[in-house]
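Read through the structure below, which is laid out as structure tokens, and then see the notes.
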Ligand SMILES: Cc1cc2nc3c(=O)[nH]c(=O)nc-3n(C[C@H](O)[C@H](O)[C@H](O)COP(=O)(O)OP(=O)(O)OC[C@H]3O[C@@H](n4cnc5c(N)ncnc54)[C@H](O)[C@@H]3O)c2cc1C
């Protein structure tokens, strides 16, 4: 007899949802988590702190109100780290409370400490004081996540040279910053600090950034960031970083030197599966500390599942949660549908980006014809009311049957608005639905109707010429 039916390693989004789903199915469930990390990277150092920081930046800088009240409009002139941290800590505290409560209510046991495999069904848990205990289970779900990858050549001190975990420990808002890596996390933070008035330089080895997004949207983002005094160095790499009492100098391979108060590396993330004594369970991790799984999230050892960032792409809180729920259902022999291929992407830059489905580039490469329907926020009454003149929503439509092939949004509310497109696409809806639908007025959602009419008119024009 095992101590638990299901034992989950890690309490981030994947682990949490796996634990709750198994508990709802009546199983005895335990979650192993380190003392100060309830909620995982998501709550403590990743999604929630960064999104709360963004909200605090938007509010305190008054950036989104400047079209209305002028370029010098600010809620607070001298924004300090304490101003930003107050909101972040408040939200983190509340979220941890919600998770603890949810686990409690569902009678999920929280085993505090660092877990490692002793054998395929047993974990050794070492608590903060070094005391060891053991817990066994019929099924194990690994949701141990990732940590920032740190190049060994760089001497991180968590003050001047930091990774994304170090942002919440900054002592003051830097006057200048070098962001190494223009991935999602790097660009999100670059835009937040630029909004705070920090002079940001982004160094990216590739010639483009966020190449999985719509090209036009990324061009618009770059324009906005340059307007906030961001400098991009594409096709360049950082060779070394020199640290001084007053800051650091990033030396690029091309020989350029960039001085900054802070250098933030955002150079990908490393899986934590290699810390788990996997050999004792008959498993092994890849070179990036990740595990591979089948379509049911089972590892090579069938009673051990893995979900979330530790299994790699897309490594989002949104997908990790669903993977956790599906793994738990499979582990508990509960029928479940597969994860839909259609998944939204949200990028919380300032302004924000969101999309679902395919991009113009992907469709062109696959030789799939499409028509574009465009709505600009400045043509919407709600766009004028909120002072967003740059936002846009783009529909990619199949000319032969009007199906939506992609929805790309840039501007206020993009990450919320995308779900209307997701619902239409998920139900195999066509552009006709959006043309006929009545939307609340004045809303940003109305952009769907405007874009649908635009696509419809172009398609009609084409058919009249035939
Ligand atoms: C700065 C930043 C911003 C992000 N923004 C977004 C966003 O806007 N939207 C989005 O969807 N995603 C975002 N993400 C990604 C998101 O945070 C992750 O996809 C998500 O947290 C992964 O969840 P997970 O379940 O894999 O576990 P994680 O959240 O990675 O947590 C894993 C947990 O396992 C614990 N653990 C590990 N090993 C052990 C062990 N041996 N014993 C006990 N406990 C262990 C860790 O302590 C940790 O608490 C962001 C990430 C970062 C870094």
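The values are calculated or read from the model by the stated rules, or taken from the named source; none is laboratory data. Bear in mind that the values here come from a model prediction, so they are computed numbers and not experimental data. Every residue, glycine among them, receives a Cβ derived from its backbone with ideal geometry; neighbour counts consider all protein chains shown.
Before moving on, here are some points about what is shown:
- Unique residue being modelled with pLDDT of 95 or more, out of contact with any strand residue (DSSP E or B) (no Cβ under 8 Å at 6 or more places or on another chain) and more than 9 Å from the ligand (Cβ to nearest atom) when the list is 7, 53: 53
- Residue satisfying all of: in region 10-34; under 16 Å from residue 112 (Cβ atoms) and assigned to a helix (DSSP H, G or I); nearest to the ligand (Cβ to nearest atom) among these: 15
- Qualifying residue in region 448-466 (condition: surrounded by fewer than 20 Cβ atoms within 10 Å (Cβ to Cβ), in a loop (DSSP other than H, G, I, E, B) and under 29 Å from the mean Cα position of the chain (by Cα)): no
- Matching residues in region 159-199 - criterion: being on the phi > 0 side of the Ramachandran plot and within 15 Å of the ligand (Cβ to nearest atom): 181
- Positions within region 328-347 being over 26 Å from residue 404 (Cα atoms) and either free of Cβ contacts under 8 Å to residues at least 40 places away in the same chain or within 16 Å of the ligand (Cβ to nearest atom) (or both), in sequence order: 328, 330, 331, 333, 335, 336
- Taken together, the residues in region 211-227 that are outside any helix (DSSP H, G or I) and either at pLDDT below 95 or surrounded by fewer than 20 Cβ atoms within 10 Å (Cβ to Cβ) (or both) amount to 2.
- Number of the exception - residue 90 against (1) away from the ligand (no atom under 16 Å from the Cβ); (2) within 22 Å of the chain's Cα centre (by Cα); (3) not in a helix (DSSP H, G or I): (3)
- Meets criteria (out of contact with any strand residue (DSSP E or B) (no Cβ under 7 Å at 6 or more places or on another chain) and either under 23 Å from residue 317 (Cβ atoms) or crowded, with 19+ Cβ neighbours inside 10 Å (or both)) for residue 96: yes
Residue-wise test of (1) without any contact (Cβ under 8 Å) to a residue 60 or more places away in the chain; (2) more than 22 Å from residue 185 (Cα to Cα).
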{"residue": "4", "(1), (2)": "no, yes"}
{"residue": "53", "(1), (2)": "no, no"}
{"residue": "70", "(1), (2)": "yes, yes"}
{"residue": "77", "(1), (2)": "yes, yes"}
{"residue": "81", "(1), (2)": "no, no"}
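- Residue in region 138-151 that is surrounded by the fewest Cβ atoms within 10 Å (Cβ to Cβ), counting only those that are more than 13 Å from the ligand (Cβ to nearest atom) and within 24 Å of residue 299 (Cβ to Cβ): 138
Okay, residues lined up against (1) over 14 Å from residue 5 (Cα atoms); (2) more than 12 Å from the ligand (Cβ to nearest atom); (3) at pLDDT 95 or above; (4) assigned by TED's automatic domain parsing to the domain that holds residue 28:
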| position | (1), (2), (3), (4) |
| --- | --- |
| 111 | yes, no, yes, yes |
| 117 | yes, no, yes, yes |
| 122 | no, yes, yes, yes |
| 136 | no, yes, yes, yes |
| 153 | yes, yes, no, no |
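- Residue satisfying condition, being touching a strand residue (DSSP E or B) at 6+ places or on another chain (Cβ under 6 Å) and either buried (at least 17 other Cβ atoms within 10 Å of the Cβ) or on the phi > 0 side of the Ramachandran plot (or both), within set 367, 382, 403: 403
- Unique residue being crowded, with 18+ Cβ neighbours inside 10 Å and not assigned by TED's automatic domain parsing to the domain that holds residue 51 when the list is 424, 372: 424
- The single condition among (1) within 12 Å of the ligand (Cβ to nearest atom); (2) under 21 Å from residue 125 (Cα atoms); (3) buried (at least 20 other Cβ atoms within 10 Å of the Cβ) that residue 283 does not satisfy is (1).
- Among (1) buried (at least 19 other Cβ atoms within 10 Å of the Cβ); (2) more than 18 Å from residue 123 (Cβ to Cβ), the one test that residue 308 misses: (2)
- For first residues located in region 306-327 and at negative phi, partners that are assigned to a loop (DSSP other than H, G, I, E, B) and near the ligand (Cβ under 8 Å from one of its atoms) and lie 6+ apart or on another chain with Cβ distances below 6 Å form the pairs 307/143; 309/145; 309/315; 310/144; 310/145; 323/307; 324/307; 327/307.
- Criterion applied to 37, 68 was being within 15 Å of the ligand (Cβ to nearest atom) and either in a loop (DSSP other than H, G, I, E, B) or modelled with pLDDT under 95 (or both), and the one residue passing it is 37.
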